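Below you'll find the structure, written out as C-alpha cells, and then a few comments.
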Amino acid sequence: MEQKGISSAVIKRLPRYHRYLDELMEAGVERISSNELSRRMHVTASQIRQDLNNFGGFGQQGYGYNVEYLYKEISKILGLDQIQNMIIIGGGNIGQALAKFSNFQKRGFVTIGIFDNDPNIIGKKINDVPVMDIRELENFVGQHDVRIAVLTVPKSAAPQIADRVAACGIRAIWNFAHIDLHISDQVVIENVHLSDSLMQLSYRLSTLSDADS
C-alpha cells in the first residue's frame, strides 16, 4: 500500500479513527457511513473520505464502511498488527506512569525493560517489568527485539541517551524530555511536550474568557 507523501495532518488523525472504530466495535456497530462517523468525531465527512482515500478508500457509495474491516486496515497502516517491544529509559514518575498504562499493551506496545541509574529503584519491578541499570542498556538491546525507546530522562541527559539508543540499532524514540531531539533521518523521533499542550489549553481558555466578558 503506497503511503508516500501523506501529510502529517492525516497521520495525526489516523489514531483518532482507530480509537473511534474500536469504540464502535465494542458497541456492536458493524457498519457506519462517513456522515455518521463525522458526527461522532466532529470531522467533516468529506475530510474523512479524503483521509481514507490516501490509503485506498475502504468504503462503498451508499454502503458505508465495515467497521471491523476498517479498524483492521488502519491498524495495519499504523503498524499495530505486530508487537512493538518498548523500553523505557528513566524510571521516575513519568516513566512509571507509562509503564503502568495498560492501554499500550492492548495496542501491541509491550514494555519489556526499564532502565535507570538510581540504585534505589534498580532491581525493583514496575508493573512486573524489571528496572535495570542503564549500563546494561546495550547488552539488553542486543539480546532482545526492541522497536521503540521511550525517554523520560532529564533534558541534560536526553541527547547522550538518544545517541546510545540509536547506536544500539533502535530506530524509533518517543521523547518526553524537555528538549527537541534530532539524530538522523534513519531514526524517527516523536517529541512530546506536555507543557505545550497545557499552554495551548490555557490560550483557548483565555480566548473563551475574553469572549464571555
- Task: Taking Asp81 as the residue in question, decide whether it is closer than 29 Å to Ile148 by Cα and open to solvent by 40 Å² or more (accessible area, probe 1.4 Å).
- Result: yes
Given the conditions (1) loosely packed, with under 15 Cβ neighbours inside 10 Å; (2) farther than 22 Å from Tyr63 by Cβ; (3) not hydroxyl-bearing (Ser, Thr, Tyr), every one holds for Ala27 apart from (2)
The condition from (1) surrounded by fewer than 16 Cβ atoms within 10 Å (Cβ to Cβ); (2) under 30 Å from Phe55 (Cβ atoms); (3) in contact (Cβ under 8 Å) with a residue 12 or more places away in the chain that Lys106 misses is numbered (3)
The one condition Asn175 fails out of (1) touching a Leu at 6+ places or on another chain (Cβ under 6 Å); (2) loosely packed, with under 14 Cβ neighbours inside 10 Å is (2)
Taking segment 115-166 and keeping residues open to solvent by less than 90 Å² (accessible area, probe 1.4 Å) and hydroxyl-bearing (Ser, Thr, Tyr) leaves Thr152
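The values are calculated or read from the model by the stated rules, or taken from the named source; none is laboratory data. As the structure is a prediction and not an experimental result, all values here were calculated from the model. Backbone-built Cβ (ideal geometry, glycine too); neighbour counts: all protein chains shown. These accessible areas exclude ligands, DNA and RNA; they are computed on the full protein's heavy atoms, side chains included. Shrake-Rupley method; radii C 1.70, N 1.55, O 1.52, S 1.80 Å.
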